[in-house]
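J.: I'd like to ask you about the structure that follows.
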Amino acid sequence: MKKLMAANWKMYKTAGEARTTAASLAALAAEALPDDREVLVFPPFTALSSVGDALRHAPGFSVGGQDVYPAAEGAFTGEISPAMLLDCGCGWVLTGHSERRHVIGETDELVGRKTAFSLTAGLKVVLCIGETIEEREAGRLAEVLERQMATGLAGVKADAVPDAIAVAYEPVWAIGTGKVAGPPEIIDAHAKVRQLLVSRFGEAGRAVRILYGGSVKPENAREIIALDNVDGVLVGGASLQADSFSRIILA
Ligand code: PEP
């Protein structure tokens with residue numbers, strides 16, 4: 001199973017800036033990319049085409065949208081459809097990122113509809129899940145993961161598994177805060193996610209990639225990706241500079 005090394009550029013970079021970063025990334029990492037690594041970049045919508053151009057000839061690299069609306073087309077001002085993402089060269093989309101759940105107010109149910117609709121439309125999906133600090137301290141980790149997995153994967157058909165879906169475990173308290181979950185916390189949460197995948201999809205659930213996200217940096221990436229059931233990482237802040245993200249990719 002290839003490790004999936006994903007970059008979330010959030011609401012950073014103009015199209016030109018994103019092209020420059022993507023081109024440097026390709027120059028730094030593409031030649032040296034080991035066979036067991038795959039790279040995925042989620043730029044803002046306005047930079048999808050320029051990043052796609054910059055990465056077109058970089059084997060092992062792909063591009064995805066940070067969000068999507070679960071309809072083919074229609075009166076949904078400000079939204080973007082799976083077909084539009086595919087048209088910009090995207091192979092992937094992110095659903096349920098914690099900033100969309102907690103800043104924009106997306107519900108579990110909407111995340112589930114986005115996930116299922118995107119898969120049917122031909123995109124691969126990274127479904128993000130994770131607990132807040134209050135939920136963790138109240139001993140509700142298992143319950144939150146179970147609920148987010150059940151609703152997030154509600155409409156997912158067995159033929160999407162394992163290749164078209166990955167799950168990113170991102171504890172909300174570790175995103176953009178500099179606080180990394182420790183190895184015991186990551187191992188425990190990823191084991192829970194694996195068990196939920198297997199109970200939902202049977203043996204195929206063992207081959208679904210589970211990514212860790214939350215303050216991953218060049219200094220901690222190697223230790224994190226070596227942990228049980230960690231099949232890649234989703235990186236925000238430390239992916240914005242080509243040099244830093246390429247050190248993570250090659251960690
Ligand atoms: C993210 O945006 O998914 C993320 C994990 O951010 P950071 O790496 O900055 O914590």
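Bear in mind these aren't lab numbers, they're just calculated from the coordinates by the rules spelled out. Note that the coordinates shown come from a computational prediction; the quantities given were computed from them, not determined experimentally. Here the Cβ positions follow ideal geometry from the backbone for every residue, glycine too, while neighbour counts run over all protein chains shown.
J.: Counting only residues 5 or more places away or on other chains, whose amide H sits under 5 Å from the amide H of Val235 once H atoms are built in the peptide plane?
T.: Amide H neighbours of Val235: Ala6, Ala7, Asn8.
J.: If we count GluC sites (Glu not before Pro) as exposed when they sit in a DSSP loop and have at most 10 other beta carbons within 10 Å, what is the longest stretch of the chain that avoids them all?
T.: Answer from the scan: 74-251.
J.: Normalised by the number of residues in the range 2-120, what is the relative contact order in percent for Cα pairs under 8 Å and 6+ residues apart?
T.: Relative contact order for the range 2-120 comes out at 23 percent.
J.: What's the magnitude of the charge dipole for the chain around its Cα centre, counting Lys and Arg as +1 and Asp and Glu as -1 at the beta-carbon? Answer in Debye, nearest 20.
T.: It comes to approximately 200 debye.
J.: For the chain, modelled as a Gaussian network with Cα springs under 10 Å, which listed residue fluctuates most, Pro44, Pro70, Pro184?
T.: Sorting by GNM fluctuation, first place goes to Pro184.
J.: Could you list the residues of the range 114-138 with an amide nitrogen less than 16 Å from a label point located 7 Å from the Cα of Ala72 in the Cα-to-C-beta direction?
T.: Label zone hits: 117-123.
J.: Using +1 at the C-beta of Lys and Arg and -1 at the C-beta of Asp and Glu, which of Ala58, Pro70, Val172 has the Cα lying farthest in the positive direction of the dipole of the chain?
T.: Result: Ala58.
J.: Just Arg140, Arg194, Arg206 to compare: in a GNM of the chain, with alpha carbon springs under 10 Å, which one fluctuates most?
T.: Arg140
J.: On to the next question. Tell me, which longest segment in the chain has none of the chymotrypsin sites (Phe, Trp or Tyr not before Pro) that fall in DSSP loops with at most 16 further Cβ atoms within 10 Å?
T.: My reading of the result: 77-251 is the longest stretch.
J.: Could you check which residue among His190, His97, His57 shows the biggest mean-square fluctuation in a GNM of the chain with a 10 Å Cα cutoff?
T.: Most flexible of the set in this elastic network: His57.
J.: Suppose each label sits 7 Å from its Cα in the direction of the beta carbon; what would the Met11-Asp36 distance come out to in nanometres?
T.: In this crude spin-label approximation the distance works out to 3.9 nm.
J.: What FRET efficiency comes out for Ala83 versus Thr107 if R0 is 25 angstrom and r is the Cβ-Cβ distance? Round to the nearest 0.05.
T.: Step by step, r from the Cβ atoms, then E = 0.55.
J.: Taking the Cα centre of the range 1-132 as origin, work out the dipole magnitude from +1 charges on Lys and Arg Cβ and -1 charges on Asp and Glu Cβ, in debye rounded to 20.
T.: 160
J.: Distance cut-off 26 Å, Cα to Cα: go down the list Lys157/Lys192; Lys10/Lys179; Lys2/Lys124; Lys10/Lys217; Lys114/Lys179; Lys124/Lys179 and report the pairs above it.
T.: Pairs exceeding the cut-off: Lys114/Lys179; Lys124/Lys179.
J.: Once you have a ≥ b ≥ c as the square roots of the Cα gyration tensor eigenvalues for the chain, tell me rounded if a/c is under 1.5, and otherwise prolate or oblate according to whether a/b is larger than b/c.
T.: rounded
J.: To continue, here is another question. Which shape class, rounded, prolate or oblate, goes with the range 1-137 when its Cα gyration tensor gives a ≥ b ≥ c as root eigenvalues, a/c under 1.5 marks rounded, and past that a/b bigger than b/c marks prolate?
T.: In terms of gyration-tensor shape, prolate.
J.: Need the full-extension length gain, Glu134 to Ala121, defined as separation in residues times 0.36 nm minus the C-alpha distance. One decimal, nm.
T.: 1.1 nm
J.: Another question, then. Count charges around Glu73 for me, please; just the other residues with Cβ under 15 Å from its Cβ, Lys/Arg as +1, Asp/Glu as -1.
T.: That sum, taken over residues with Cβ under 15 Å, equals -2.
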